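The values are calculated or read from the model by the stated rules, or taken from the named source; none is laboratory data. Computed from a predicted structure; not experimentally measured. Note that we place each Cβ from the backbone using ideal geometry, even for glycine, and neighbour counts take in every protein chain shown.
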Amino acid sequence: MTFFLNGILLGLALSMLVGPLLLALVQTGLEQGIRAGLFVGLGIWVSDGLFVLATYYGLTEIEQLTNWPGFELTLGLVGGAILILFGLYTVLQPAQEIDWEHSETSRYHSFGALWMKGFLINTINPFTVFFWTGLAGSLLAETAGQKREAWWFYIGVLLTIVVFDSLKVVLAKKVRRHLHDRLLKQVRRGSGLALIAFGIVLIVRVLL
C-alpha cells in the first residue's frame, strides 16, 4: 500500500505541471464541453498506459533507444513541430461550439481527432519518454523485481492523473459559463500561442 500512496503523490505532482497537456485539456473543455475534453484526456491516458507497458516489459530495449545519440534530437524536432502545428491550428481556427446532438458523423470524427490530439501531444514529448523510462528503471530497482508492488505504484500514478485531468476539464466547462465570446477567443488565441512557444522552446533546446 505504501507504493500505491507514493504513486498517488507522484500523480499529484504531475497533475500540477503547466504545459501543453494542460492547455489542450482546458482549451477543449472551455470550447467544446466535458465530453470533448475527456476524449483529449483519454488520448493522454492511453499514451501513458502504453508507456508504462513498454518501459516495464521492454526497459532494456527502450533504454538502448533513448541512448541513441540522435534520439533526443529527432524526438524533439518532431515533437516541437507537432506542438507548433497544433498551436497554429488553434490560433487560426475560429472558436465555435460544436452541435454534438445533431451531427453523428461530425461528433465521431471530432472525438477521434480530439483523442488523437491528446495521444500525439503526450507521446511525441521527450519529457514523457524519459520520465516513464527513468521511473521504470528506478522502480524496478527499488521493488527488487516485486511486480505486485510496482503495479500498485503505477496504478496510483495513472489513477491520480485520470482523476485530476477530468477535474480540469469539468472546471474548464464551469468557467465557460462566465466567459463571453470575445474573451473565449482570446483564451483560444493565448492557448495556441503557448503551444507554439512550447514547440519552439523544445526545438531550440534539442538543437542547442
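For region 55-90, a residue qualifies if it is touching a residue at least 60 places away in the same chain (Cβ under 8 Å) and small (G, A, S), and the qualifying residues are G76, G79, G80, A81, G87.
Taking the options F4, F51, F39, name whichever one is touching a Phe, Trp or Tyr at 6+ places or on another chain (Cβ under 8 Å), more than 21 Å from Y154 (Cα to Cα) and aromatic (F, W, Y). So that I can check it myself, show each step before the final result.
Working: F4 fails: more than 21 Å from Y154 (Cα to Cα); F51 fails: more than 21 Å from Y154 (Cα to Cα).
Unique residue meeting the criteria: F39.
The residues listed here are L195, L184, L159; of these, the one that is within 21 Å of L12 (Cβ to Cβ) and part of a helix (DSSP H, G or I) is L159.
Residue-level check: of (1) part of a helix (DSSP H, G or I); (2) of a type outside the set (S, T, N, Q); (3) modelled with pLDDT under 85, F119 misses just (3).
Which is touching a residue at least 40 places away in the same chain (Cβ under 8 Å) and within 21 Å of F3 (Cβ to Cβ), of V169, V206, V157, V187? Of the residues listed, the single one that is touching a residue at least 40 places away in the same chain (Cβ under 8 Å) and within 21 Å of F3 (Cβ to Cβ) is V157.
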